[in-house]
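The values are calculated or read from the model by the stated rules, or taken from the named source; none is laboratory data. The structure presented is a predicted model; accordingly, all values stated were derived computationally and were not measured. Note that we place each Cβ from the backbone using ideal geometry, even for glycine, and neighbour counts take in every protein chain shown. Accessible surface areas use protein heavy atoms only, side chains included; no ligands, DNA or RNA. Shrake-Rupley method; radii C 1.70, N 1.55, O 1.52, S 1.80 Å.
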Amino acid sequence: MNSKVIALANQKGGVSKTTTTANLGIGLANAGKKVLLIDLDPQASLTISLGYPKPEELPCTITDLMIRSITNKPICPEDAIIHHEEGVDLIPSSIELSGMEASLVNVMSRETVLRQVLEEVAGRYDYTLIDCMPSLGMLTINALTAADSVVIPVQAQYLPAKGMEQLLQTISKVHRQINHNLKIDGILLAMVDNRTNYSKEITALLKDTYGGKIRIFSTEIPHSVRAAEISAEGKSIFRHDSKGKVAEAYRELTKEVLQNERQRQKHQSDFVR
């Protein structure tokens, strides 16, 4: 099985990383793909949004698996994997993960701990999506080290240009020093309000600044109050409001991600020939 690991990263919070991880993951599952979601944020927003409001009561989380990796114990990801009713698997998080950032500082090969965990499930999934915490600390470095590619959700109401530069430098550094296979799949404009000129100006500015170097997904995720409501419901936008504009946008994004991957694989096979 051709397995792909995608990190959804941006050190700015509130840019739809978690919403995109959940809905893109379930979109890929709806397209017949086997999907694993990993919550790598101590706030556990992904875990909570998929219907587990008390993550600290879960018997096993990503923290436990990473501790087993660090202490050379059998990792056994099955202990943590939760099967969600919409066809995705989840490795949850909890507030315990906040202590992991400090613990990793003294660990040998500290950047590769998550990669070692993922090696235990390699080949079982078509796609693994990692919801990163809003920082460029050691947990996010672990995600970038374990990933094949990065999707960067950016909020269209406000352009944190300096923040984007920091993130791109971090990705570049990880690519150069640790994970030579790491690529940027693209920048995803989220929470877009097309009624405002400001939103259109930011979209244009992003395309001018980065469009030459980095793909900007043609799909934009519109701003929606209904999308914000789903975080308390434990289900995706497809179940909550299947005919709405946000569900339609995530369907289009899913198609775009699958199409990009098909093109990449074709390019690889042509290159091999």
Evaluate the following for ILE202: is it of a type outside the set (Ser, Thr, Tyr) and modelled with pLDDT of 90 or more?
no
State all residues of the range 11-30 that are in a loop (DSSP other than H, G, I, E, B) and either open to solvent by less than 10 Å² (accessible area, probe 1.4 Å) or at pLDDT 95 or above (or both); if no residue qualifies, say none.
VAL15
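Go through the range 54-82 and give me each residue that's in a helix (DSSP H, G or I) and surrounded by 14 or more Cβ atoms within 10 Å (Cβ to Cβ).
Hits for the range 54-82 are PRO55, ILE62, THR63, ASP64, LEU65, MET66, ILE67, ARG68, SER69, ILE70, PRO77, ASP79.
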Just to be sure I understand the filter: pairs with C-beta atoms under 8 Å, separated by 6 or more residues or on different chains, first member in the range 181-193 and under 21 Å from LYS4 (Cβ atoms) and polar (S, T, N, Q), second member in a loop (DSSP other than H, G, I, E, B) and open to solvent by 10 Å² or more (accessible area, probe 1.4 Å). Which pairs pass?
ASN181/ASP148
How about the range 31-53: which of its residues are assigned to a helix (DSSP H, G or I) and open to solvent by less than 10 Å² (accessible area, probe 1.4 Å)?
LEU46, THR47
Somewhere in the range 66-84, is a residue touching a helix residue (DSSP H, G or I) at 6+ places or on another chain (Cβ under 7 Å), free of Cβ contacts under 8 Å to residues at least 40 places away in the same chain, of a type in the set (S, T, N, Q) and over 19 Å from ALA122 (Cβ atoms)?
no
Only one of ALA44, ALA80, ALA102 is at positive phi, aliphatic (A, V, I, L, M) and either at pLDDT below 95 or in contact with a Ser or Thr (Cβ under 7 Å, 6 or more places away or on another chain) (or both), namely ALA44
